[in-house]
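S.K.: Input: one structure, supplied below.
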Amino acid sequence: MRVAIVVARFNDFVTERLLDGAHEALTEAGIGADDIEVLRVPGAFEIPLAAEMVAASGRVSGVVCLGCLIKGATPHFEFIASACAHGIMAAQSKTRVPMAFGVLTTHAAEEALERSAPGPGNKGREAAEAVLEMARLLAGRAGMPR
Ligand code: DLZ
């Protein structure tokens, strides 16, 4: 299985920790480094387009989307969060490649750090696990890759 991770650079003190968590989950599932494609984008707003394009390429069975929006520091928090969530849902519906919403939407940096801490509660890890589960569920079904 080959999986893409689309990760936003904005708030990278959090998103790099989400990326580590996602990498760990994929590695534990037996996916080698050569089968993990990482795409870095500027911010959460740009995640859906990159996710859609890599999914449409046919190269991957799933896309893990990672980002971090912090309400206190982002005046147009609701707009970006909504565009990102709806964009990812539209991208997975259009491409029929499963995608996970590993985008933190928190009130403060402390909360984001808590949710990206190493370990089982890391939201990047949880997003990767969700993608793996969906990719396995859909594999071999009508219209699905592999
Ligand atoms: C502009 C912006 C702001 C203020 N806050 C965030 C954020 O908290 N998290 C995030 O991922 N991105 C943020 N961005 C950047 C936007 O997502 C986007 O990259 C820019 O508006 C350029 O389109």
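S.K.: If I ask for residues that are among the hydrophobic types (A, V, I, L, M, F, W, C), open to solvent by 60 Å² or more (accessible area, probe 1.4 Å) and near the ligand (Cβ under 9 Å from one of its atoms), which ones from segment 6-23 would you list?
M.R.: F10 - this is the single residue of segment 6-23 that is among the hydrophobic types (A, V, I, L, M, F, W, C), open to solvent by 60 Å² or more (accessible area, probe 1.4 Å) and near the ligand (Cβ under 9 Å from one of its atoms).
S.K.: Filter segment 123-143 down to the residues that are of a type outside the set (D, E, K, R), crowded, with 19+ Cβ neighbours inside 10 Å and farther than 16 Å from V60 by Cβ and list them by number.
M.R.: Matches in segment 123-143: G124 only.
S.K.: From the list L39, L49, L26, which residue is assigned to a helix (DSSP H, G or I) and away from the ligand (no atom under 11 Å from the Cβ)?
M.R.: L26
S.K.: Something else about it: For segment 66-97, what are the residues that are in a loop (DSSP other than H, G, I, E, B) and either open to solvent by less than 30 Å² (accessible area, probe 1.4 Å) or more than 16 Å from the ligand (Cβ to nearest atom) (or both)?
M.R.: Across segment 66-97, the qualifying residues are T74, R96, V97.
S.K.: I need the full set of residues from segment 53-65 which are more than 16 Å from the ligand (Cβ to nearest atom), outside any loop (DSSP other than H, G, I, E, B) and surrounded by 19 or more Cβ atoms within 10 Å (Cβ to Cβ), in order please.
M.R.: Within segment 53-65, V54, A55, G62, V63 qualify.
S.K.: Looking only at segment 98-116, which residues are exposed (fewer than 14 other Cβ atoms within 10 Å of the Cβ) and either under 10 Å from the mean Cα position of the chain (by Cα) or not in a helix (DSSP H, G or I) (or both)?
M.R.: Listed by number, the residues that qualify are H107, A108.
The values are calculated or read from the model by the stated rules, or taken from the named source; none is laboratory data. Worth saying up front: this structure is predicted, and the values here are computed from it rather than measured. FYI the Cβ positions are ideal-geometry reconstructions off the backbone, even for glycines, and counts take in every protein chain you see. Heavy atoms of the whole protein, side chains included, go into the accessibility calculation; ligands, DNA and RNA do not. Shrake-Rupley method; radii C 1.70, N 1.55, O 1.52, S 1.80 Å.
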